[in-house]
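Asks: Structure in structure tokens, see below.
The values are calculated or read from the model by the stated rules, or taken from the named source; none is laboratory data. On a predicted model such as this, the values are computed, not experimentally measured, just so you know. Every residue, glycine among them, receives a Cβ derived from its backbone with ideal geometry; neighbour counts consider all protein chains shown.
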Amino acid sequence: MKISHRLASLPLLSILTIQVATGLVSSRAIADNGGGGSGNPCLPGDAVPDQVVLELMDNASIDEVMAIVTPLFPGVEVAFAFPEEDLYLLSAPDPICEKQLVLTLMALPGVEEAEYNETGESVEGQTQSFFFASSQSQFDGQYLWPTIRLTDAQTETLGEGIVIAIIDSGLSASHPIFANTTILPGVDFINDGMGFDDLGNGEDDDGDGAIDELAGHGTYLAGLITKIAPAASILPLRAIDTDGRGTAFAIAGALVEAHQRGAHIINLSFSNGEDIGVLEPILDAIVSDDVMVVVSAGNGGQESNGTFPAKMGPVCAVAATDAYDVKAPFSNSGPYVSLCAPGVGIVSAFPGGGYVIADGTSAAAAIISGTAALVMSKDQCNGDVAHITVEETAIPISKKNPKAGAALGAGRVDAAGAVDAIPMPGDFDHDRRIDMDDLSVLLGAWGTPVADLNGDGTTNAIDLSILIGSWTG
């Protein structure tokens with residue numbers, strides 16, 4: 001099933017007159033329509049040069065689109081494709097103006113979206129967070145585990161049957177912490193020759209003065225997840241490079257791969273200041289298929305309406321707290337935050353067999369992903385129910401954060417509380433709500449044992465009374 005078109009099509013840009021299709025667009029017009037962030041009127045500063053991302057409508061033909069585009073822009077070609085999703089990465093070498101190509105594509109029939117291949121970053125990469133050496137004893141003895149009551153949470157489940165996709169910098173599967181973990185075959189969407197083993201290349205690719213500052217990030221997150229849900233399977237998808245950068249196309253490819261391979265939970269520590277149109281319908285459709293998408297709130301220390309994709313309503317956006325349930329100074333917050341988890345001084349695995357300590361909302365998000373795996377495994381519920389459950393069972397922390405208000409979501413995660421959440425009488429569809437859907441089930445089962453709530457062997461007026469008494473709407 002095509003993920004990106006299960007929802008309504010994105011609104012298209014207006015056709016800018018025949019001048020667009022014939023290539024007669026001035027640099028001024030291009031700049032006025034979104035280019036020029038880098039001083040180049042054809043390309044924003046945070047986009048990959050010489051590349052454009054193209055998404056087609058259902059039943060549209062890439063060959064037909066390219067037959068129109070190639071004569072107008074000699075040299076344009078398909079560099080990479082996800083044909084089952086109608087998603088394509090176009091190569092647009094100089095002297096082609098990327099903005100002009102985008103506008104031309106958007107004017108063509110059958111094109112749903114065309115945009116720059118925007119570059120976002122791991123939230124730790126944006127704030128120059130670094131890893132410092134630690135040890136296994138510090139990993140095992142850190143405050144995190146008793147804070148979320150991990151031992152109690154693991155008495156009933158270890159995450160059996162759950163697949164967690166980690167879209168990040170890769171995974172060093174040879175680390176001893178993963179000795180008994182099912183690591184599914186990974187995929188590298190960066191295609192820089194590094195594979196998905198989460199190692200650095202020894203170069204400062206982003207020119208920020210730090211070399212490979214985010215190499216090991218994916219392994220670090222996976223270590224936390226596998227400690228919390230050791231029986232869950234890990235699917236490592238490398239879409240973040242060694243300096244913490246990832247393109248829209250790489251992230252899109254990883255999201256599609258995660259969904260097609262049956263991930264129940266997707267952990268994503270990626271952030272961009274602007275919305276990325278090609279990712280929005282993919283994320284929406286994945287969540288609508290009851291997959292839980294867990295994202296980092298970000299490390300900018302700002303209270304705002306959020307960055308993309310954390311601010312998207314369907315995802316579970318996670319902020320960070322310290323050992324005392326106080327919001328971490330670096331953590332973003334706002335009305336989009338679902339809940340919090342510890343993210344200050346968190347120790348986890350690192351390539352080479354060692355352990356490191358670091359701060360970040362990425363760690364907090366990984367803790368939520370692991371907790372959600374326990375909930376889904378124990379209750380055999382879907383991602384939507386797991387999302388609701390971890391929120392409803394969170395520990396309130398507003399008194400410790402009086403200035404935050406509702407900007408920290410439901411509170412700080414309580415893994416044991418989430419796993420032990422008592423089923424609601426009459427919640428037949430397991431969405432932690434008693435509503436018309438449940439009433440319909442009960443009425444449909446009238447006179448049979450199917451919706452018996454009081455144990456008398458039949459569904460009758462007594463059960464109806466119980467359901468009405470638990471009504472949440």
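Asks: Which fully enclosed strands (runs of 3 or more DSSP E) of region 238-350 have 2 or more residues being closer than 17 Å to ILE368 by Cβ and under 12 Å from the mean Cα position of the chain (by Cα)?
Replies: 265-268, 292-296, 316-321
Asks: While we're here: Look at region 321-337 and say how many of its residues are of a type in the set (S, T, N, Q) and surrounded by fewer than 24 Cβ atoms within 10 Å (Cβ to Cβ).
Replies: Matching residues across region 321-337 total 0.
Asks: Taking only pairs six or more apart or across chains, which ones have beta-carbon atoms under 7 Å, a first residue in region 397-426 that is under 17 Å from ALA372 (Cβ atoms), and a second residue that is acidic (Asp, Glu) and in a loop (DSSP other than H, G, I, E, B)?
Replies: The qualifying pairs are ARG412/ASP325; VAL419/GLU156.
Asks: Answer yes or no: is there a residue in region 301-310 that is touching a residue at least 40 places away in the same chain (Cβ under 8 Å), surrounded by 24 or more Cβ atoms within 10 Å (Cβ to Cβ) and more than 21 Å from GLU213 (Cα to Cα).
Replies: Scanning region 301-310, I find at least one residue that is touching a residue at least 40 places away in the same chain (Cβ under 8 Å), surrounded by 24 or more Cβ atoms within 10 Å (Cβ to Cβ) and more than 21 Å from GLU213 (Cα to Cα), so the answer is yes.
Asks: In addition: Go through region 208-237 and give me each residue that's farther than 29 Å from ALA81 by Cα and assigned to a loop (DSSP other than H, G, I, E, B).
Replies: ASP208, GLY209, ALA210, ILE211, GLU213, ALA229, PRO230, ALA231, ALA232, listed by residue number.
Asks: Could you say which residue among LEU101, LEU56, LEU12 is outside the structural domain of GLY277 (by TED's automatic domain parsing) and modelled with pLDDT under 50?
Replies: Among LEU101, LEU56, LEU12, only LEU12 is outside the structural domain of GLY277 (by TED's automatic domain parsing) and modelled with pLDDT under 50.
Asks: With the condition kept exactly as written, say whether any residue in region 347-370 is among the aromatic types (Phe, Trp, Tyr) and either touching an Asp or Glu at 6+ places or on another chain (Cβ under 6 Å) or at positive phi (or both).
Replies: Within region 347-370, none of the residues are among the aromatic types (Phe, Trp, Tyr) and either touching an Asp or Glu at 6+ places or on another chain (Cβ under 6 Å) or at positive phi (or both).
Asks: Here is a further query. Output the residues belonging to region 451-473 that are aliphatic (A, V, I, L, M) and over 37 Å from the mean Cα position of the chain (by Cα).
Replies: LEU453, ALA461, ILE462, LEU464, ILE466
Asks: Further question on the same structure: Pick from ASP359, ASP284, ASP290, ASP325: which is in contact with a Leu (Cβ under 7 Å, 6 or more places away or on another chain) and of a type in the set (D, E, K, R)?
Replies: Just one listed residue meets the conditions, ASP284.
Asks: Based on what the data block shows, is ARG432 crowded, with 20+ Cβ neighbours inside 10 Å, closer than 28 Å to SER288 by Cα, modelled with pLDDT under 95 and not hydrophobic (A, V, I, L, M, F, W, C)?
Replies: Taking the combined requirement at face value, the residue satisfies it.
Asks: Quick one: in region 68-85, of everything that is under 18 Å from THR247 (Cβ atoms) and modelled with pLDDT under 95, which residue is surrounded by the most Cβ atoms within 10 Å (Cβ to Cβ)?
Replies: This residue is GLU85.
Asks: If I go through region 151-175 residue by residue, how many of them are outside any loop (DSSP other than H, G, I, E, B) and buried (at least 24 other Cβ atoms within 10 Å of the Cβ)?
Replies: 6
Asks: Condition check: touching a residue at least 40 places away in the same chain (Cβ under 8 Å), touching a strand residue (DSSP E or B) at 6+ places or on another chain (Cβ under 6 Å) and assigned by TED's automatic domain parsing to the domain that holds GLY253. Does SER91 satisfy that?
Replies: no
Asks: Something else: Within the set of pairs 6 or more residues apart or between chains, which connect a residue that is in contact (Cβ under 8 Å) with a residue 24 or more places away in the chain and at positive phi inside region 262-277 to a residue that is among the aliphatic types (A, V, I, L, M) and surrounded by fewer than 24 Cβ atoms within 10 Å (Cβ to Cβ) with Cβ atoms less than 8 Å apart?
Replies: GLY262/VAL163
Asks: Oh, and also: Got at least one residue in region 363-370 being in the same structural domain as SER348 (by TED's automatic domain parsing), within 23 Å of the chain's Cα centre (by Cα), assigned to a loop (DSSP other than H, G, I, E, B) and within 16 Å of TYR336 (Cβ to Cβ)?
Replies: Among the residues of region 363-370, not one is in the same structural domain as SER348 (by TED's automatic domain parsing), within 23 Å of the chain's Cα centre (by Cα), assigned to a loop (DSSP other than H, G, I, E, B) and within 16 Å of TYR336 (Cβ to Cβ), which makes the answer no.
Asks: Within region 338-355, restricting attention to residues that are in contact with a Gly (Cβ under 7 Å, 6 or more places away or on another chain) and of a type outside the set (Gly, Ala, Ser), which residue is nearest to ALA319 (Cα to Cα)?
Replies: That would be CYS340.
Asks: So, one more: So THR389 fits all but one of (1) part of a loop (DSSP other than H, G, I, E, B); (2) within 29 Å of ILE164 (Cβ to Cβ); (3) hydroxyl-bearing (Ser, Thr, Tyr); what number is the exception?
Replies: It is condition (1) that THR389 fails.
Asks: Please go through region 43-59 and give me each residue that is within 11 Å of LEU108 (Cβ to Cβ) and crowded, with 17+ Cβ neighbours inside 10 Å, ordered by number.
Replies: Passing the criteria: LEU54, LEU56.
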